[in-house]
Amino acid sequence: MQYAKTPRLRRTQVLALTLLVIAGFVNYLDRSTLAVANSTMSHELSFSPTQMGLLLAVFSWAYAVAQLPIGGLLDRFGARVTLAIGMCVWSIAQAAIGVMTQLSHLLAARVLLGLGEAPQFPAGAKVVSEWFHPKERGVPSGIFNMSSSLGPAISQPILSAFLLAIGWRATFMTMGALGVGVAFVWYLVYRDRRTVALHSDEYRYLAGTEVSPAPTVDPAGIDGRLDAHHAARNATAMPTETPQQVTMADWRGLFKLQVTWGLILGYVGVIYMTTLFLTWLPAYFQRVHGISLANAGWVSSIPFLFGTLGVLSGGAIVDGLARRSRNPWASRRWPIACGLLFAALATVATAYVSGTASAIGMLCVAMFALNVSIAGAWSMVSVAVPSRMVASLASLQNFGGYFGGAFAPLITGMVVQKTGSFTAALVISAVVAIGGALAYLFLTAEPRDQPRESDAAPRPIARPHTQT
């Protein structure tokens, strides 16, 4: 017995993941542009550090709040339309920043940027749940999340080069134009599963049923000249699936599930630490280890590169455990919790080592382990509820993570200002990560009435379908 994955499914999977990764890179380029252009913009527009800090922070607040409705929109209208609109909205907002001068206008554009970027990662979870077998979702979850670690690693040198070559205004407009182009390609290429007529072997593969490859049918009456496999595919074609829209009652029902709260609270441990590293790592190397401003960005990118390895390894670990276990929860829960615990230990070690090389090494371990947890978390979302509700649950997880994570830059700044050291700030991050691990361990244990992925596949329409 084997999982029957047709060439069409393979093409769909590769195209979808490729476009998700490209969109993710554009996403992180756009959200990082202001950080790179910070000094240049503040000097030209005469903005104070407080005003620039507000511009940086308002994105996270808008992004977190937008997670609440975006999952329902994704489940109702599909990833094709929702993500395409989101990319267009954030790209237009990004381009508009390049022509603005007033703080109020820039704040509005940053809010719009946060709202537009909200569908990106819930859409990734939706796509993986629609087009991958339940036991093969770890690796694709890691792949589409790769941009969250590799994006910050490469964005600074790329954006710095643009900034020096064409100026900050043209850089914002160029990034905006790039996003619109990616949105156009996504809409042209990607198709939601419910709009595609599935063959029986494809349907059973996606539903998580182990089947032998579709049997070859003798195409009688065609003198054997018609390809037998093609005839068998046509003979077993399944109709387009019934669109099962998520209702408000369905969405409210998610809050009654213990696993929802486990994902919301657990992901705070992930995003708090991620946000701290994303916003304060260059300053940490400058203040604690005396690295120059010119080199701090490059040094800071090293741990994020290890984070990329971690998110890909985490996906492979989850899939490997899933193939060896009949329990899809244990294969995800333990890698997430262990990743957070190792990240916490490495972060505490970072706070107390003295050498620069040792600090970089500990941060690399922390980012690797943290991203193992990220891959597991998004993979868990894909099997926690029926497929039609995956985006809704993913957006709730993202809301919890980014709402809690938004406090990391503020708390870190307050602690550093008061103590003159990063030690306490790093320890606080480790404590939050341990809390996240405990939430995953004790709140995401599979309840008896939890819907399984095999129940998640939408039922096909009963009416006949003619293959064209």
- [ ] Taking Ile97 as meeting all but one of (1) buried (at least 24 other Cβ atoms within 10 Å of the Cβ); (2) under 19 Å from the mean Cα position of the chain (by Cα), write down the number of the exception.
- [x] (2)
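Taking Val99, is it assigned to a helix (DSSP H, G or I) and either out of contact with any Phe, Trp or Tyr (no Cβ under 6 Å at 6 or more places or on another chain) or at pLDDT 90 or above (or both)?
No, not satisfied.
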Open item on the list: Looking at segment 170-183 only, could you name the residues that are buried (at least 17 other Cβ atoms within 10 Å of the Cβ) and closer than 18 Å to His43 by Cβ?
Closed with: Thr171, Phe172
Open item on the list: Looking only at segment 4-46, filter to residues that are of a type in the set (Ser, Thr, Tyr) and within 23 Å of Asn145 (Cβ to Cβ); which one of those is modelled with the lowest pLDDT?
Closed with: Ser32
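Restrict the check to segment 370-382 and report whether at least one residue is more than 15 Å from Val270 (Cβ to Cβ), buried (at least 24 other Cβ atoms within 10 Å of the Cβ) and within 21 Å of the chain's Cα centre (by Cα).
Initially, segment 370-382 is screened for residues more than 15 Å from Val270 (Cβ to Cβ), giving 382.
After this cut, where a residue has to be buried (at least 24 other Cβ atoms within 10 Å of the Cβ) as well, the list is 382.
Remaining after also requiring within 21 Å of the chain's Cα centre (by Cα): 382.
Scanning segment 370-382, I find at least one residue that is more than 15 Å from Val270 (Cβ to Cβ), buried (at least 24 other Cβ atoms within 10 Å of the Cβ) and within 21 Å of the chain's Cα centre (by Cα), so the answer is yes.
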Task: Hits in segment 121-169 (condition: surrounded by 22 or more Cβ atoms within 10 Å (Cβ to Cβ) and of a type in the set (Ser, Thr, Tyr)) - done: Ser129, Ser141, Ser147, Ser148, Ser149, Ser155
TODO: Check every one of the helices (runs of 4 or more DSSP H) wholly within segment 113-182 and list those with 2 or more residues that are among the acidic types (Asp, Glu) and at pLDDT 80 or above.
DONE: none
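If the requirement is being within 25 Å of His43 (Cβ to Cβ), out of contact with any Cys (no Cβ under 9 Å at 6 or more places or on another chain) and among the charged types (D, E, K, R), which of these qualifies: Arg76, Arg110?
Details: Arg76 fails: within 25 Å of His43 (Cβ to Cβ).
Only one candidate passes the filter, namely Arg110.
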Task: segment 373-415: number of residues that are out of contact with any Asp or Glu (no Cβ under 8 Å at 6 or more places or on another chain), among the β-branched types (Val, Ile, Thr) and over 21 Å from Ser429 (Cα atoms) - done: 2
- [ ] Identify the residue in segment 421-449 that is farther than 17 Å from Phe277 by Cα and not in a helix (DSSP H, G or I) and, among all such residues, is modelled with the lowest pLDDT.
- [x] Asp449
Task: Filter result (of a type in the set (S, T, N, Q), surrounded by fewer than 17 Cβ atoms within 10 Å (Cβ to Cβ) and within 16 Å of Ala343 (Cα to Cα)) within segment 392-434 - done: Thr423
Open item on the list: Show me the helices (runs of 4 or more DSSP H) entirely contained within segment 1-95 in which 1 or more residues are closer than 25 Å to Ala391 by Cβ.
Closed with: 7-36, 49-77
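The values are calculated or read from the model by the stated rules, or taken from the named source; none is laboratory data. In this text the structure is predicted, and so the values were computed from the model without any measurement. Glycine gets a Cβ as well: all are built from the backbone with ideal geometry, and neighbour counts include every protein chain shown.
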